Amino acid sequence: MAARTETEKRLHRLLKQDLGKAVKRTKRGTWTTTSNLPHEIRLHTQAGVEMVRVSAGIVIDTKPSKALFAQMNRLNVERALSRRILVDGKVLVVAEMPVDSLHPGDLEHLVSMVCCFARLDAAALAEHGGRPVTDPPAAIAPDFTMPLDTWWDVLRASGTATKRELAVWLDELTGSDCWIDRYDDTVVVVINGTGIGSAYPCTLEDLRQAAIDGECAEDDEEDDEEEPEDDEPLPYNEAPPGKKKKDGRFGR
């Protein structure tokens, strides 16, 4: 491997600072993470400016079509700071930043954005042909019962790289809308401001169940809020309790 430049060394330090044990350098001189999506972090030069580029696959084995390109263009407009491209039958999502502009936290945000968009866009783009990369082969499917002792174990087991990607993965798995908080000894699944914690050692099943329980609790609260008060007027075509509707009128 060629000697690393000062820019490469700085980028590596920032990646380790932001992503910790979830990121590692490859033999090709690029970087990869614990996300099970096909992805890459690389350094390249564009118009004389050194850039860090994060890319991830969305759909593979697809063919170009007007409908596919139209959907890709819509997503490029809706999801700022990223773009979708078609390369060798693969739809990729790409985002980049100048290395000189990087601050602590920027790389975690960049990796999160790309991986989350890849997961969120997969179903829509796969409608135009191909296989979404969010359907991992059985060989790398997560083990929901394996004990997890650290945050890094949680990321590796789920095939995600950041808190935001883990949240999107859980959302897709459970139909919830959650956020993840992490502490030294606990992972917390937060839904609508209410958190359910799983202390280490925990399992992916614990996190899955926490998301389901949190979503059910939120649905129950919404049902309670929507229940009409007794003194509220009823819809014109709804009979009061105990009254029967006859010929379009309520019995008295």
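Any residue in region 3-27 that's more than 14 Å from L107 (Cα to Cα): show its pairings with residues that are open to solvent by 100 Å² or more (accessible area, probe 1.4 Å) at Cβ separation under 8 Å, as long as the two are six or more apart or on different chains.
K27/M1
With the requirement that a residue be assigned to a loop (DSSP other than H, G, I, E, B), of a type in the set (A, V, I, L, M) and more than 20 Å from A199 (Cα to Cα), what does region 123-172 give you? Please lay out each step first, then the result.
We begin by selecting, within region 123-172, every residue assigned to a loop (DSSP other than H, G, I, E, B); these are 127-130, 133-137, 141-147, 149-150, 159-162.
Those still in the list that are of a type in the set (A, V, I, L, M) too: 133, 141, 146, 161.
Hits for region 123-172 are V133, A141.
I need a count of the residues in region 15-32 that are in contact with a strand residue (DSSP E or B) (Cβ under 7 Å, 6 or more places away or on another chain) and either among the charged types (D, E, K, R) or open to solvent by less than 20 Å² (accessible area, probe 1.4 Å) (or both).
Residues that pass the stated criteria total 9.
Just the residues that are under 24 Å from the mean Cα position of the chain (by Cα) and surrounded by fewer than 18 Cβ atoms within 10 Å (Cβ to Cβ), please, taken from region 52-67. Walk me through how you get there before you give the answer.
Filtering region 52-67 for residues under 24 Å from the mean Cα position of the chain (by Cα) gives 52-62.
Listed by number, the residues that qualify are R53, I60, D61.
Any chance region 126-141 includes a residue that's closer than 15 Å to T32 by Cβ, surrounded by 15 or more Cβ atoms within 10 Å (Cβ to Cβ), at pLDDT below 95 and not aromatic (F, W, Y)? Break it down into steps so the answer makes sense when it comes.
First, the residues of region 126-141 that are closer than 15 Å to T32 by Cβ: 133, 140.
Next, from what is left, pick out any that are surrounded by 15 or more Cβ atoms within 10 Å (Cβ to Cβ): 133.
Now narrow it down to the ones that are at pLDDT below 95: 133.
Applying the additional criterion that residues be not aromatic (F, W, Y) yields 133.
Scanning region 126-141 turns up at least one residue that is closer than 15 Å to T32 by Cβ, surrounded by 15 or more Cβ atoms within 10 Å (Cβ to Cβ), at pLDDT below 95 and not aromatic (F, W, Y).
Looking at region 76-122, which of its residues are farther than 16 Å from P38 by Cα, in contact with a strand residue (DSSP E or B) (Cβ under 8 Å, 6 or more places away or on another chain), outside any loop (DSSP other than H, G, I, E, B) and open to solvent by 10 Å² or more (accessible area, probe 1.4 Å)?
Answer for region 76-122, where residues must be farther than 16 Å from P38 by Cα, in contact with a strand residue (DSSP E or B) (Cβ under 8 Å, 6 or more places away or on another chain), outside any loop (DSSP other than H, G, I, E, B) and open to solvent by 10 Å² or more (accessible area, probe 1.4 Å): N76, R83, E96, M97, P98, D100, D106.
Just to verify a result, which residue in region 165-208, among those that are more than 25 Å from G57 (Cβ to Cβ), touching a residue at least 40 places away in the same chain (Cβ under 8 Å) and not polar (S, T, N, Q), is least open to solvent (accessible area, probe 1.4 Å)?
C202
T162 is checked against (1) over 19 Å from H109 (Cβ atoms); (2) open to solvent by less than 30 Å² (accessible area, probe 1.4 Å); (3) modelled with pLDDT of 95 or more; (4) among the polar types (S, T, N, Q) and fails just one. What number does that condition carry?
Going through the list (1) over 19 Å from H109 (Cβ atoms); (2) open to solvent by less than 30 Å² (accessible area, probe 1.4 Å); (3) modelled with pLDDT of 95 or more; (4) among the polar types (S, T, N, Q), T162 breaks only (1).
Identify all residues within region 34-51 that are open to solvent by less than 20 Å² (accessible area, probe 1.4 Å) and within 17 Å of the chain's Cα centre (by Cα); write none if there are none.
Within region 34-51, S35, L37 meet the criteria.
The values are calculated or read from the model by the stated rules, or taken from the named source; none is laboratory data. A quick note: this is a predicted structure, and the numbers were derived from the prediction, not measured. Cβ: placed from backbone, ideal geometry, glycine included. Neighbour counts: every protein chain shown. For accessibility, only protein heavy atoms count, side chains too; no ligands or nucleic acids. Shrake-Rupley method; radii C 1.70, N 1.55, O 1.52, S 1.80 Å.
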